[in-house]
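Contents: one structure, followed by commentary.
The values are calculated or read from the model by the stated rules, or taken from the named source; none is laboratory data. Just so it is clear, the structure is predicted and the values come from calculations on it, not from any experiment. With ideal geometry, Cβ positions are generated from the backbone for all residues, glycine too; neighbour counts draw on all protein chains shown. With ligands, DNA and RNA removed, areas are computed over all heavy atoms of the protein, side chains included. Shrake-Rupley method; radii C 1.70, N 1.55, O 1.52, S 1.80 Å.
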Amino acid sequence: MAIALGSDHAGFALKKLIGEHLEAKGMEVADFGTFSESSVDYPDIALPLIAAVAAGDYPLGILVCGTGIGMTIAANKYPGIRAALCGDTFSARCAREHNDANILTLGARVVGPGLALAIVDAFLESSFQGGRHQRRLEKIAFIERGGRISTSP
Ligand code: RB5
């Protein structure tokens, strides 16, 4: 199955590089835009991609914006999405192994292209370890479903 890619204008060049990198490795990519450096609003790019990942059309997605922060916030509002903003390969590996992250977010104005590609590789080459991490994800899912605890003393 293809990897879903998306970016705003600030992430456009890095998204293109990531797409070329993955295709050179024989992977299929599905490009959700944007397709130029003209300004766009990152939630408009995030929504179709995260909806497709949450629906199971793609196993994993990568979203890029200037800092990666806006894409991360937007993506994590969607049920079933666990987006991880990574600036190093250790975090990228743990995001898959511990958090079963299904979206990698990157800040194109934060990480250089070489590091960004290493982060992408670490993310895609790692897999969820389950076990105690599964229990924690279920507790996150409880919060996502509106689960609340009393805040009164
Ligand atoms: C666009 O200028 C910038 O705000 C956006 O790419 C991103 O960094 C938002 O979090």
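Between Ala30 and Lys16, the distance separating the two model label sites (each 7 Å from Cα on the Cα→Cβ line) works out to 2.4 nm.
Using 0.36 nm per residue of separation minus the Cα-Cα distance, give me the extension gain between Leu115 and Ala55 in nm, one decimal. Spell out each step's value before the answer.
Values: separation 60, 0.36 × 60 = 21.60 nm, distance 2.99 nm.
My answer for the length gained is 18.6 nm.
Placing +1 on the Cβ of each Lys and Arg and -1 on the Cβ of each Asp and Glu in the chain, which of Ile3, Asn102, Leu137 has its Cα farthest towards the positive end of the resulting dipole? Value computed over the given set: Leu137.
Under Stokes-Einstein, with the Kirkwood radius over Cα pairs standing in for Rh, what whole-number D in µm²/s applies to the chain at 4 °C and 1.567 mPa s? Each step should come with its number before you reach the end.
On the way: Rh = 15.6 Å.
Diffusion coefficient, whole number: 83 µm²/s.
Taking the longest Cα principal axis of the chain as reference, the axis of helix 132-144 is set at about 90 degrees.
In sequence order, the range 100-117 has phi-based couplings of 6, 4, 10, 10, 9, 10, 10, x, 5, 8, 10, 9, x, x, x, 5, 4, 5 Hz under the Karplus curve 6.51 cos²θ - 1.76 cosθ + 1.60, θ = phi - 60°, and Gly or Pro positions carry x. Dividing the mean sequence gap of close Cα pairs (under 8 Å, 6+ apart) by how many residues the range 6-153 holds gives a relative contact order of 22 percent. Per-atom-type breakdown for the chain gives carbon and sulfur 55% of the accessible area (1.4 Å probe, protein chains only).
Overall, the range 1-65 carries a charge dipole of about 160 debye about its Cα centre when +1 sits on the Cβ of Lys and Arg and -1 on the Cβ of Asp and Glu, all other atoms neutral.
Rounded to the nearest whole Å², what accessible area per residue is found for the chain with the 1.4 Å probe? Working shown, then result.
Working: 7920 Å² over 153 residues.
Result: 52 Å² per residue.
Each helix, a run of at least 4 DSSP H residues, gives -39500 (n - 2.57); summed and divided by the residues of the chain, these come to -13500 deg cm²/dmol at 222 nm.
Taking trypsin sites (Lys or Arg not before Pro) across the range 28-117, the ones in a DSSP loop with at most 14 further Cβ atoms lying within 10 angstrom of their Cβ are Lys77, Arg109.
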